[in-house]
Amino acid sequence: MDSSQYKQELRRTLTFKDLVIYGMVFMAPLAPMQVYGAVAQQSFGMVPLVYCIGVIALMFTAFSYSHMSKEFPYAGSVYSYVSRGMNPHVGFIAGWLILADYILCPALLYAFAGVWMAGILPQVPAFVWTLIFVVCNTLINVRGITMTARANLLMFWMQIITLVVFLGFAVKFVLVDGNGMGGLSLAPLFQADHVDFGFIATATSIAVLGFLGFDGISTLAEEARDPVKTVGKATVLSILLSGILFFIQVYMAALIHPKYETLNPDMGFFEIAREAGGPVFYTILILINVIAVGIAVTLNVQSATARVLYSMSRENLLPFAQVLAKIHPKFQTPVNATIFCALLSIVVTFCLSIETLYKFVTFGAITAFMMLNVTIIVYFYGKKKRRGVKGFLIYALTPFIGLLITGYVWSGFDRMTFTVGFAWVLIGVIVGYVKSNGYRKVAPVLKDM
């Protein structure tokens, strides 16, 4: 397909550094702090090992994103890749699934941030904080991707500085004062009596979900200066760098407090921070995490969602497509799609529980990842016939391993998740049927695929 069939409406301003930081902020450098207590109890204190497994597991799917972003540098992420690599109608379902992740993820994060802030300032209801976060993010995203990139840079360094301060307290507490484990230890990395296939399987399920968000970089392909060269590399590098940051912070946390059984599942890391850095640092760390979740991550999720909606709407695949495909005349952003995401986040936050949102988000993401890995095999190894030993390793074996890993995580969902997830798929099938005239019509830009 000739990319000239698309009218370039979004502003190309993002550098390779911007994309990497976008991906890292999307995953959140401090993300392990929010789940450390629960993960520690499920992994016998080997949280660093869990995140090592996560990096390896997600890297196979990240390579799939990298290959497709070079071949099809468009804003629709997995929707664009599956549509062009396999089939436009199957691609619509893939896009519909990733929308379940992207559309509901901000609501989930707003709910978390609102609850945390209500815990610090109980006189202010959680829904008020949700509204504040939604308005801030929407204003930034409407004003343009350059503004979003600047906000990302600020949020990134805020989290990095916070992490450095924590590591300073940790080094003093353990290595200087001799508290906690009193020194470096291999216990958080490997315990032979606990590590078996069951542990690896459980760790993979936990860790894969912890890295969700790296795929958001692909939604910015039409705003990157050189998407063919930068989007794929940024996707892979963001996972590697995030994995390193995750590993360092959870390893030091394990050295500070080796008795993982005594940790609060919800506030474990913050308790550890208070132990090493005192009550003031404990409060500051909670506030920084609220900002990281309520503004930094949700800013990028909203941005990614708006661009998937825009990409699918300009091809007239969604209801109210003409409205959602509208570009702001000054800022060159998908303004209506951005506002729609904000309004939907507010409604969903008030209507669905955190548990329901979490299950819905993960089902959409993991199912879309599975479809992407299959597309790599179909497109490169099948249609493009990139065979031989190199072709087999890169375009058949690697995505197949990615498919097995994501498929394993997918198989672990409970009945409720499958019920809600397949109900969403059924709605997508109906919408696709109506918009494509019984699956007989495809968008003009996809006809020659």
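The values are calculated or read from the model by the stated rules, or taken from the named source; none is laboratory data. Just so we're clear, the structure is a prediction, and the values are computed from it rather than from any experiment. Because the Cβ atoms are built from the backbone with ideal geometry, glycine has one as well, and the counts that use them run over all protein chains shown. The protein model used for the area step is the full one, side chains on, heavy atoms only, and it has no ligands, DNA or RNA in it. Shrake-Rupley method; radii C 1.70, N 1.55, O 1.52, S 1.80 Å.
So for the range 86-95 (the condition being of a type in the set (S, T, N, Q), open to solvent by 10 Å² or more (accessible area, probe 1.4 Å) and closer than 25 Å to TYR310 by Cα), does at least one residue qualify? For the range 86-95, residues of a type in the set (S, T, N, Q), open to solvent by 10 Å² or more (accessible area, probe 1.4 Å) and closer than 25 Å to TYR310 by Cα: present. Residues of the range 101-128 that are in contact (Cβ under 8 Å) with a residue 60 or more places away in the chain, more than 20 Å from ALA304 (Cα to Cα) and open to solvent by less than 40 Å² (accessible area, probe 1.4 Å): GLY114, MET117.
Considering (1) assigned to a helix (DSSP H, G or I); (2) in contact (Cβ under 8 Å) with a residue 24 or more places away in the chain, the lone condition that GLY198 does not fulfil carries the number (2).
Of the residues making up the range 322-338, those that are buried (at least 18 other Cβ atoms within 10 Å of the Cβ) and either polar (S, T, N, Q) or part of a helix (DSSP H, G or I) (or both) are LEU324, GLN332, THR333, VAL335, ASN336, ALA337, THR338. Criterion applied to ASP193, ASP215 was being outside any helix (DSSP H, G or I) and among the charged types (D, E, K, R), and the one residue passing it is ASP193.
Filter the range 423-449 down to residues that are among the aliphatic types (A, V, I, L, M) and modelled with pLDDT under 85, then give me how many there are.
Here is the first cut: in the range 423-449, the residues among the aliphatic types (A, V, I, L, M) are 423, 425-427, 429-431, 434, 442-443, 445-446, 449.
Still in the list and also modelled with pLDDT under 85: 442-443, 445-446, 449.
The total comes to 5.
Can you say whether VAL164 is within 30 Å of LYS259 (Cβ to Cβ), open to solvent by less than 60 Å² (accessible area, probe 1.4 Å) and among the β-branched types (Val, Ile, Thr), as far as the supplied structure shows? For VAL164, the condition - within 30 Å of LYS259 (Cβ to Cβ), open to solvent by less than 60 Å² (accessible area, probe 1.4 Å) and among the β-branched types (Val, Ile, Thr) - is not met.
For GLY243, are the conditions met, namely being on the phi > 0 side of the Ramachandran plot and open to solvent by less than 50 Å² (accessible area, probe 1.4 Å)?
Working: on the phi > 0 side of the Ramachandran plot: no; open to solvent by less than 50 Å² (accessible area, probe 1.4 Å): yes.
Here the answer is no, as GLY243 does not meet what is asked.
For beta carbons closer than 6 Å, sequence separation of 6+ or different chains, a first residue in the range 369-386 that is at pLDDT below 90 and a second that is small (Gly, Ala, Ser), the qualifying pairs are TYR381/ALA396.
Can you confirm whether PHE197 is aromatic (Phe, Trp, Tyr), over 30 Å from TYR81 (Cβ atoms) and surrounded by fewer than 16 Cβ atoms within 10 Å (Cβ to Cβ)? Please lay out each step first, then the result.
Numbers: aromatic (Phe, Trp, Tyr): yes; over 30 Å from TYR81 (Cβ atoms): yes; surrounded by fewer than 16 Cβ atoms within 10 Å (Cβ to Cβ): yes.
Yes; evaluated as a whole, the condition is true for this residue.
Residues checked against (1) among the charged types (D, E, K, R); (2) in contact with a helix residue (DSSP H, G or I) (Cβ under 8 Å, 6 or more places away or on another chain); (3) open to solvent by 60 Å² or more (accessible area, probe 1.4 Å); (4) within 25 Å of ARG314 (Cβ to Cβ):
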{"site": "LYS390", "(1), (2), (3), (4)": "yes, no, yes, no"}
{"site": "GLY402", "(1), (2), (3), (4)": "no, yes, no, no"}
{"site": "ILE405", "(1), (2), (3), (4)": "no, yes, no, no"}
{"site": "TYR408", "(1), (2), (3), (4)": "no, yes, yes, no"}
{"site": "GLY421", "(1), (2), (3), (4)": "no, yes, no, no"}
{"site": "TRP424", "(1), (2), (3), (4)": "no, yes, no, yes"}
{"site": "GLY428", "(1), (2), (3), (4)": "no, yes, no, yes"}
{"site": "GLY432", "(1), (2), (3), (4)": "no, yes, no, yes"}
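Inside the range 373-449, counting only helices (runs of 4 or more DSSP H) that do not spill past its ends, which hold 2 or more residues that are touching a Lys or Arg at 6+ places or on another chain (Cβ under 8 Å) and β-branched (Val, Ile, Thr)? Output list reads 415-435.
Counting only residues that are at pLDDT 90 or above and surrounded by 16 or more Cβ atoms within 10 Å (Cβ to Cβ), which one in the range 139-161 is nearest to ALA221 (Cα to Cα)? Checked the range 139-161; the qualifying residue nearest to ALA221 (Cα to Cα) is PHE156. THR230 falls short on exactly one of the conditions (1) touching a helix residue (DSSP H, G or I) at 6+ places or on another chain (Cβ under 6 Å); (2) closer than 24 Å to PHE363 by Cβ; (3) of a type in the set (Ser, Thr, Tyr), and that condition is (2).
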